[in-house]
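Please read the structure below before turning to the comments.
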């Protein structure tokens, strides 16, 4: 952490406007909790975020944000103008959850705990970024730079960061954003400065099929698939930068007494480094071909050969924001100043997209505590003191990133 970043954060925290903003966060804490509940109880599976997006849009309009709109991909964008001639700093939280349609998303309250699928990842953050805007308005805070608040779609697995891709490559603000903060989960103890890249494939192996006894000796796509999995499992990959792979989901077949016509497996390839991920991907594609070739050579192809179809179902770019970047330094100084001990980490979040484009980007938490993310027992604790401490740290980060107090 640099002395300059510490001084900036101290100056912000010592200012009367910031103190008024924190007082507003405290006074309106229950309103923030109500917003969390309202948004959580609107289903938002990836690709089905429209109802929640519409609700967040109405909240943003009620908060006085400008140019509030839903873009072509489904992201909600809302502008808070700075004093002019500054940069544009984006603050985002994602709308989608991992849970399928029909999941019971009603919030149950047990003391200061809220329990519901998706309540912490990432619905709390959607409410918190609105609370930050309210607090700045009440305190009369104007930043140097414009702030773009975004409730984005498609962050979770199958969404493949589609909302961020659109925002940074095709949307209205694609050439203006100079720094990016995604607020994701309550966790204040980690700042994500690295984006883990991933390539995901669904690989389908096909063959002629037949009776398991009568057609014995024909090529079997399940053997080819098993061979590919074993070959993958023997690959040696980099430990640093961390690089991983997994054969994760599988299916297919006809019956217990049939040579299958078709089987499939989904594969997940990851790395902190783009070059390592590309190397792993090429090795993976080669070993799939080798497994097919080996099976066609091992057994009879008189009724047909083994074929393979590769469908890419995920492609998240790797990226990194240097720990010495001012954005990272501001976040670390602000979070540490509020009593946390943040570490830097790598993860896969909306920040991957701007990181991969060379735009400074980080992931921070929304404050408070939580657990059991991605499960039906997901929970957050909205106890005021811990919640407000994290929200204050996040707000100080945002103000510093946007050029400080005008």
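Things to note:
- Boolean, residue 335 is touching a helix residue (DSSP H, G or I) at 6+ places or on another chain (Cβ under 7 Å), crowded, with 23+ Cβ neighbours inside 10 Å, in the same structural domain as residue 176 (by TED's automatic domain parsing) and within 27 Å of residue 117 (Cβ to Cβ): no
- Test set (1) buried (at least 24 other Cβ atoms within 10 Å of the Cβ); (2) touching a helix residue (DSSP H, G or I) at 6+ places or on another chain (Cβ under 6 Å); (3) farther than 13 Å from residue 331 by Cα - residue 391 fails condition number: (3)
- Lone unmet requirement of (1) crowded, with 20+ Cβ neighbours inside 10 Å; (2) in contact with a helix residue (DSSP H, G or I) (Cβ under 7 Å, 6 or more places away or on another chain); (3) assigned by TED's automatic domain parsing to the domain that holds residue 378 for residue 219: (3)
- Sole exception among (1) surrounded by fewer than 24 Cβ atoms within 10 Å (Cβ to Cβ); (2) over 30 Å from residue 259 (Cα atoms); (3) in contact with a strand residue (DSSP E or B) (Cβ under 6 Å, 6 or more places away or on another chain) for residue 313, by number: (2)
- Residue match in region 184-207 (condition: under 30 Å from residue 90 (Cα atoms) and surrounded by fewer than 17 Cβ atoms within 10 Å (Cβ to Cβ)): yes
- Failed criterion for residue 175 (all others in (1) modelled with pLDDT under 95; (2) under 27 Å from residue 266 (Cβ atoms) hold): (2)
- Residue list for region 74-113, filter: over 30 Å from residue 360 (Cβ atoms) and within 22 Å of the chain's Cα centre (by Cα): 99, 100, 101, 103, 105
This table checks each residue for (1) free of Cβ contacts under 8 Å to residues at least 40 places away in the same chain; (2) under 28 Å from residue 171 (Cα atoms).
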residue: 22; (1), (2): no, no
residue: 26; (1), (2): no, no
residue: 34; (1), (2): yes, no
residue: 97; (1), (2): no, yes
residue: 112; (1), (2): no, no
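- Of the strands (runs of 3 or more DSSP E) lying entirely inside region 148-228, those carrying at least 2 residues that are within 30 Å of residue 253 (Cα to Cα) and either in contact (Cβ under 8 Å) with a residue 40 or more places away in the chain or out of contact with any strand residue (DSSP E or B) (no Cβ under 8 Å at 6 or more places or on another chain) (or both) are 197-206.
- The helices (runs of 4 or more DSSP H) found wholly in region 1-117 and carrying at least 3 residues that are closer than 26 Å to residue 378 by Cβ occupy 29-40, 50-62.
- Any chance residue 345 is more than 19 Å from residue 230 (Cα to Cα), surrounded by fewer than 21 Cβ atoms within 10 Å (Cβ to Cβ) and either touching a helix residue (DSSP H, G or I) at 6+ places or on another chain (Cβ under 9 Å) or free of Cβ contacts under 8 Å to residues at least 60 places away in the same chain (or both): no
Table: residues versus (1) closer than 14 Å to residue 150 by Cα; (2) loosely packed, with under 15 Cβ neighbours inside 10 Å; (3) in the same structural domain as residue 175 (by TED's automatic domain parsing); (4) at pLDDT below 95.
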{"residue": "41", "(1), (2), (3), (4)": "no, no, yes, no"}
{"residue": "48", "(1), (2), (3), (4)": "no, no, yes, no"}
{"residue": "57", "(1), (2), (3), (4)": "yes, no, yes, no"}
{"residue": "67", "(1), (2), (3), (4)": "yes, yes, yes, no"}
{"residue": "88", "(1), (2), (3), (4)": "yes, no, yes, no"}
{"residue": "95", "(1), (2), (3), (4)": "yes, no, yes, no"}
{"residue": "100", "(1), (2), (3), (4)": "no, yes, yes, no"}
{"residue": "107", "(1), (2), (3), (4)": "no, no, yes, no"}
{"residue": "116", "(1), (2), (3), (4)": "no, no, yes, no"}
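The values are calculated or read from the model by the stated rules, or taken from the named source; none is laboratory data. What you see is a predicted model, and the numbers here were worked out from it, not measured in a lab. Note that each Cβ is placed from the backbone with ideal geometry, even for glycine, and that neighbours are counted across all protein chains shown.
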